[in-house]
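J.: What follows is a structure written as structure tokens; I'll ask about it next.
What follows is calculated from the coordinates using simple rules that are stated; it is not laboratory data. Just so we're clear, the structure is a prediction, and the values are computed from it rather than from any experiment. Counting neighbours? That spans all protein chains shown, and the Cβs are built from the backbone with ideal geometry, glycine included.
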Amino acid sequence: MKTLLVAGGSGGHLIPAMTLAETLRRDSSCLMLSTARSVDKTLADGASSLEWITVDLKIWTPLWRWFSPFYIAHQLGAARQIWTLLRQIHPDVVVGFGGYLSAVGLAAARLQGIPTVIHEQNLVPGRANRWMASLANVVALSFSETARFLPRGAALAVTGNPVRPGLKGISLEKARSHFGFDTHRPVLLIMGGSQGSRAINRAVLKMWDLVLAEDRGRFQVIHLAGSDRLAGSGQFGEIEETYRRLGIEARVFPFLREMELALAAATLAVSRAGATAIAEMVELGLPAILIPYPHAGGHQRANAGWMESAGGAVVVGENQLSPGRLWGQVSALFGDPQRLARMKQGLLSRADGSAAERLGSLVRKVVR
């Protein structure tokens, strides 16, 4: 069996795709088609066992781009590359994980008569997956609630959202030792998604100025600044300097391939509400303060609401985010170990761990 995985633009699309590739390896050769964005390149460098091809397809919005003949020519050239790739490798199935690249890849596969599967990570589906849902052989859902947002007549199956392999096999001691941390002191994990979050970075930096000097020593911090220049990595030096100046033991990264170690080391996360991040926090029972990204159709708000209903998260809207409010939530949760334990159990009660196998079985069924 030959499988083409189409994903790109964010770790939230790429991690489930890479996990599915691991699951299919025993009976399928897999090829990943992704964008040329920095997060795609970073993950590709760490996936030596997976054949990886990039195409420089640009995001479709804003609409003023379409007034440029150079932009139109570029997009048509990228679409032609995808069409030619499918003709050359002729996969048995194309699996799309959402986003503009996925929509083009799935449309090309459909026109060439190749079976297609869509995987939707979010509770509220993205535009690309909504558009393509009725044309795919089957749409795999992470949440059963997603069905009401998709066209009637679309073939649906609930598989869950695959999380990276080995996520649950890491001890707390091993994870904290990897970062050079004291294994007995709590760890705060700060992450704004694979591209970072300027809003979260700013609120966190100002928050530490509100914390008394004697309280700062209680914390060990893993702070993922983000790999996108506009969102986070431009602040990388400022973030590192802030932790040094305040005497807080912290490890700062633009992007971390070994996310499973950071998640396993953490006591509490301050995070965006991307579907893959939530799936991994649920799998490990990691309580979180979630600050949903307010744009992109608002799908992160729905993801965050689901995790909050499971008892495992506190949700703070970005328009309500302030250093004082953030510190109030962080200090309240660290000061109440019993509440953290209840949040952890609430998440673990929703954990499954079999999403990758279910999605893999669904792909094989479509090919058969």
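J.: Per q in 0.07, 0.12, 0.13 Å⁻¹, report the Debye log10 I(q)/I(0) for the chain, using one uniform scatterer on each alpha carbon and no solvent.
T.: -0.30, -0.88, -1.03
J.: On to the next question. Tell me the angle of helix 299-309 to the major Cα principal axis of the chain, expressed in degrees between 0 and 90 and rounded to the nearest ten.
T.: 50
J.: Continuing with the same structure: Can you count the Lys pairs in the chain whose Cα atoms are under 25 Å apart, with each pair 8 or more apart or on different chains? Don't jump to the answer; show the numbers that get you there.
T.: Working: K2/K41; K2/K365; K41/K58; K168/K344; K174/K344.
Total qualifying Lys-Lys pairs in the chain comes to 5.
J.: Between Q329 and R185, what FRET efficiency comes out of the Förster formula 1/(1 + (r/R0)^6) with R0 = 25 Å and r the beta carbon distance, rounded to 0.05?
T.: Rounded to the nearest 0.05, the efficiency is 0.80.
J.: Going by the alpha-carbon gyration tensor, a ≥ b ≥ c the square roots of its eigenvalues, is the stretch 172-348 rounded (a/c under 1.5) or, if a/c is not under 1.5, prolate (a/b greater than b/c) versus oblate? Could the numbers behind the result be given before it?
T.: Working: a/c = 1.30, a/b = 1.09, b/c = 1.20.
Verdict is rounded for the stretch 172-348.
J.: Also: What residue among V270, W52, F255 has its Cα farthest toward the positive end of the dipole of the chain, where the charges are +1 on Lys, Arg and -1 on Asp, Glu, each on the Cβ?
T.: W52
J.: Evaluate the relative contact order of the chain (contact order divided by residue number), counting alpha-carbon pairs under 8 angstrom at least 6 apart; express in whole percent. Show your work: numbers first, answer last.
T.: On the way: 727 pairs, mean separation 61.2, N = 368.
Computed over the chain, the figure is 17 percent.
J.: For the stretch 57-145, just say rounded, prolate or oblate: build the C-alpha gyration tensor, square-root its eigenvalues into a ≥ b ≥ c, call rounded for a/c under 1.5, and beyond that prolate if a/b exceeds b/c, oblate if not. Please list the in-between numbers first.
T.: On the way: a/c = 2.90, a/b = 1.25, b/c = 2.31.
Oblate, since a/c reaches 1.5 and b/c is not below a/b.
J.: In sequence order, what are the phi-derived ³J(HN,Hα) couplings for the stretch 172-181 according to the Karplus relation 6.51 cos²θ - 1.76 cosθ + 1.60 with θ = phi - 60°, rounded to whole Hz, with x for glycine and proline?
T.: 4, 5, 5, 5, 5, 5, 4, 8, x, 8
J.: Could you work out how much longer the chain between D209 and E357 gets when fully extended? Use 0.36 nm per residue separation minus the Cα distance between them, nm to one decimal.
T.: Using 0.36 nm per residue and subtracting the Cα-Cα distance, I get 48.7 nm.
J.: How far is helix 337-348 tilted, in degrees, relative to the longest principal axis of the Cα atoms in the chain, given as a value from 0 to 90 rounded to the nearest 10?
T.: So the helix axis and the longest Cα principal axis differ by about 10 degrees.
J.: Determine the dipole magnitude for the chain: charges of +1 sit on the beta-carbon of Lys and Arg, -1 on that of Asp and Glu, nothing else is charged, the reference point is the Cα centre, and the result goes in debye to the nearest 20.
T.: Numbers: 40 positive and 28 negative charges, 157 e Å.
Dipole magnitude for the chain comes out near 760 debye.
J.: Tell me the label-point distance for the pair L246, H90, using the 7 Å Cα-to-Cβ offset, in nm and rounded to one decimal.
T.: It works out to 6.0 nm between the two label points.
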